[in-house]
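Right, one structure below, let's go through it.
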């Protein structure tokens, strides 16, 4: 096979929110959720590239609802765009509060990874082959986002204290 398909990357990760994962209000810590998002995205990227990956960027994350201790959090990740050595994953997060059943969308974001070899050098991998119109649309949108990320990186950070 000379390409990979989006289903080759599908990763579903489930976590139970325990007291150690929460702040003093009993809500899931944002940093813990970001950590889980990074892990789920990395697993999807690793499956797709069939190798090691390193996180390059994460798009903004907006938390729609608090997630209480005892909730079940499900993270669903898949590859949406690929370049020669980098790729983008979409991670969608839902939560079921006890007594389980009702499910809420918590957040979704894109995470960018670079494929690495055992010497921590960038490496290429088989390209993405869109199978559906939705996958083609996601790929095109991912290419646009990556172009914007690249442009922002080459323009430099213009915030005070960042070399301006």
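Structural remarks
- Flag: residue 53 does not match the condition of being touching a helix residue (DSSP H, G or I) at 6+ places or on another chain (Cβ under 9 Å), assigned to a loop (DSSP other than H, G, I, E, B) and in contact (Cβ under 8 Å) with a residue 12 or more places away in the chain.
- Residue selection: residue 83 fails the criterion of being out of contact with any strand residue (DSSP E or B) (no Cβ under 8 Å at 6 or more places or on another chain) and closer than 25 Å to residue 30 by Cβ.
- Test: residue 73 is outside any helix (DSSP H, G or I), in contact (Cβ under 8 Å) with a residue 40 or more places away in the chain, under 11 Å from the mean Cα position of the chain (by Cα) and under 17 Å from residue 94 (Cβ atoms): no
- For residue 119: the one exception among (1) assigned to a loop (DSSP other than H, G, I, E, B); (2) surrounded by fewer than 12 Cβ atoms within 10 Å (Cβ to Cβ); (3) out of contact with any strand residue (DSSP E or B) (no Cβ under 9 Å at 6 or more places or on another chain); (4) modelled with pLDDT under 90: (4)
The values are calculated or read from the model by the stated rules, or taken from the named source; none is laboratory data. Bear in mind that the values here come from a model prediction, so they are computed numbers and not experimental data. Don't worry about glycine lacking a Cβ; one is built from the backbone with ideal geometry, like all the others, and counts go over all protein chains shown.
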